[in-house]
1. Starting from the Kirkwood Rh over alpha-carbon pairs, what translational D in µm² s⁻¹ does the chain have by Stokes-Einstein at 10 °C and 1.306 mPa s?
2. Output ³J(HN,Hα) for the range 287-295: one whole-Hz value per residue in order, computed from phi by the Karplus curve 6.51 cos²θ - 1.76 cosθ + 1.60 with θ = phi - 60°, and x for Gly and Pro.
3. Give me the net charge for the shell around GLY268: Cβ to Cβ below 12 angstrom, other residues only, Lys and Arg +1, Asp and Glu -1.
4. If you place +1 on the Cβ of every Lys and Arg, -1 on the Cβ of every Asp and Glu, and leave all else neutral, what size is the dipole of the chain about its Cα centre, to the nearest 20 Debye?
5. What is the set of long-range amide H partners of ASP127 at a cut-off below 5 Å, with H atoms built 1.01 Å from backbone N?
6. Restricted to Cα positions, what overall size does the range 234-325 have along the principal axes? Three whole-Å values, descending.
7. Would you please give the residues with an amide H less than 5 Å from that of ASN184, counting only those at least 5 places away or on a separate chain, with H modeled from the backbone geometry?
8. Can you tally the net charge around ILE221? Count Lys and Arg as +1, Asp and Glu as -1, for every other residue whose Cβ sits under 9 Å from the Cβ of ILE221.
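Values in this text are rule-based calculations from the coordinates and carry no lab data. Note that this is a predicted model, so its numbers are computed, not measured. Here Cβ is always computed from backbone atoms with ideal geometry, including for glycine, and neighbour counts include all displayed protein chains.
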Amino acid sequence: MWIVDTALKARADQNRPIGVGIVGAGFMCQGLTNQIVNSTPGMRVVAISNRRPERAVAVFKYSGREDVVIADSQIKFDNTAARTRPVATADPMLLARSPHVDVIVDVTGAVEYGAHVVLEAFKHRKDIVLMNAELDSTIGPILQTYADQHDVILTGCEGDEPGVQMNLYRWVRGLGLTPRLMGNVKGLQDPYRNPTTQQGFAQRWGQNAAMVTSFADGSKISFEQSIVANATGFKVRSRGMSRGLQYTGDVLKIGDLYDIEELRRLGGAVDYVVGTPLTKVYCLAEHPDPKQQHYLNLYKMGPGPLYSFFIPYHLVHFEAPNAIARAVLFRDATTKPLNGPIVEVCAVAKQDLRAGELLDDYGMYMTYGEAVNAGEMSAGRYLPEGLVQGCRLKRRIAKDTVITYDDVVLPPGRLADRLRAEQYLKFRGETWLKDMLDVQAVEQPRREFAASSAGD
């Protein structure tokens with residue numbers, strides 16, 4: 001964005017760079033840090049937090065910064081940051097509380113962990129940029145209300161597919177068209193992939209096998225499209241969206257896959273396909289003016305009624321600094337929920353599961369996620385894919401069956417569960433999740449006492 005580069009240059013000329021703190025020192029943090037350090041004037045990475053701070057040190061060194069200090073106290077953190085030396089720490093709250101950090105970028109992919117960091121950052125007037133689609137999808141709408149209370153920006157990221165789609169959506173609307181569908185394109189879709197099958201690909205690119213699995217099994221694209229749905233008011237046509245529909249034809253004719261009357265009835269839809277060449281995201285839109293339809297046809301967009309606009313790439317960490325600058329300098333969110341949840345992501349059994357089993361995390365061996373409209377999600381009391389980890393099954397679940405809250409015992413005391421309950425109460429007027437959490441809070445000590453007594 002031309003206005004962003006001009007504003008960042010001004011900050012560089014004034015020696016007032018935007019202070020960025022990053023939580024999570026994985027593959028994406030490594031690329032983003034290198035991008036900011038070496039290619040983004042007017043911005044600096046103040047600190048990186050990671051459970052293993054030596055990994056944060058390695059990320060800084062990857063970008064060419066050798067003078068890293070590991071800090072385990074606020075005083076040491078702030079004194080080091082004041083000397084413009086990069087800081088590595090195991091404690092993300094030091095970033096949240098430091099006056100030297102203007103904005104925090106969450107690249108963890110962890111919902112419960114991320115929720116704690118985000119709320120603490122809000123208390124200290126920090127803007128948040130999420131490269132954590134799982135958090136955004138699961139409790140983004142209620143977190144937005146907290147951002148509003150603290151007068152800070154909470155936003156998704158440019159470069160990630162939701163941000164690329166929302167930029168395209170806003171641009172198409174600015175042309176005078178009415179977007180009817182926002183679409184994403186995948187290279188493959190197989191809900192039964194797991195870290196074992198994806199290990200080779202992950203090692204080749206230096207990525208985490210579980211994260212790569214979430215790309216392959218459809219969970220990640222479900223999280224991403226729910227973010228777009230919540231930012232546009234669009235819905236899914238059915239649970240799971242296209243479920244891997246192959247489309248390898250002309251992207252300008254991809255509108256032939258959809259019924260415009262259905263899209264109008266829904267108020268717009270989100271979807272994805274597999275294999276479309278030279279395309280990463282697409283927007284299908286209509287124009288009400290016959291005169292403009294004539295010009296669109298002349299400009300090689302076809303006869304309509306759905307005109308296809310598309311972008312062939314998403315450059316993730318290359319583009320992420322634009323979202324950071326828009327948030328801090330222009331108070332503009334790349335992605336932002338309009339209101340409450342429109343589309344959520346439910347957990348589906350990846351294999352036959354046994355009673356008593358403890359569920360592993362998304363992108364692992366036991367579940368995959370599917371996008372579903374919030375009304376169905378709530379009515380069915382579906383368990384969110386972003387919060388499956390640590391849930392204990394009460395009963396057997398057959399492969400490809402949606403897992404519900406009634407099927408599991410939740411880990412006690414999770415902040416993210418309470419925020420989801422608050423989200424349903426605030427935006428849907430529903431108390432069932434709060435009531436369930438209240439009952440479990442009473443029953444949990446009894447179960448623990450019974451278990452300890454049985455062991456005596």
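1. 69 µm²/s
2. Values, residue by residue: 10, x, 9, x, 5, 6, 4, 4, 5 Hz.
3. +3
4. 520 debye
5. Answer set, sorted by chain and number: ILE104, ILE153.
6. 40, 32, 27
7. The answer is ASP271, TYR272, VAL273, TYR282.
8. Here the charged neighbours net out to 0.
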